[in-house]
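The values are calculated or read from the model by the stated rules, or taken from the named source; none is laboratory data. Not measured: the values here are computed from a predicted model. Note that we place each Cβ from the backbone using ideal geometry, even for glycine, and neighbour counts take in every protein chain shown.
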Amino acid sequence: MLAHGRSLDLKATRDQEFNQDRITSEMTSLILHQRDERLCSILLGLVNAHQGSDKSIAIVYGAAHVRAIVRVLKAANFQVVHSEWRIVFAI
């Protein structure tokens, strides 16, 4: 927001935007990619530990993580036969 008669330091604004972009990128990496890696590692461990059993595994994660989950399970020779979205909590 700009106020009438006030000057704007564009360099400071560009530096702030760059810093914010860097922070956003780091947070995306942490929240999405690193979390996906950990989730998939644990999921494969569970799949291997219970191979041949009739267990179900519920994964409570946001939609952004589903691609990684499906990719890992397909690589482990699973196929999607049914999917169901459930609301775990609402704000």
>> I'd like the full set of residues that are over 19 Å from Leu32 (Cα atoms), touching a Leu at 6+ places or on another chain (Cβ under 9 Å) and not hydrophobic (A, V, I, L, M, F, W, C), limited to region 49-78.
In response: Lys55
>> Out of everything in region 39-68 that is modelled with pLDDT of 85 or more and in contact with a helix residue (DSSP H, G or I) (Cβ under 7 Å, 6 or more places away or on another chain), what residue ends up being surrounded by the fewest Cβ atoms within 10 Å (Cβ to Cβ)?
In response: Leu44
>> Considering only residues that are surrounded by 10 or more Cβ atoms within 10 Å (Cβ to Cβ) and of a type outside the set (Phe, Trp, Tyr), which ones fall in region 69-91?
In response: Ile69, Val70, Arg71, Val72, Leu73, Lys74, Ala75, Ala76
>> When the residues of region 1-38 are narrowed to those that are modelled with pLDDT under 75 and hydrophobic (A, V, I, L, M, F, W, C), which ends up surrounded by the fewest Cβ atoms within 10 Å (Cβ to Cβ)?
In response: Met1
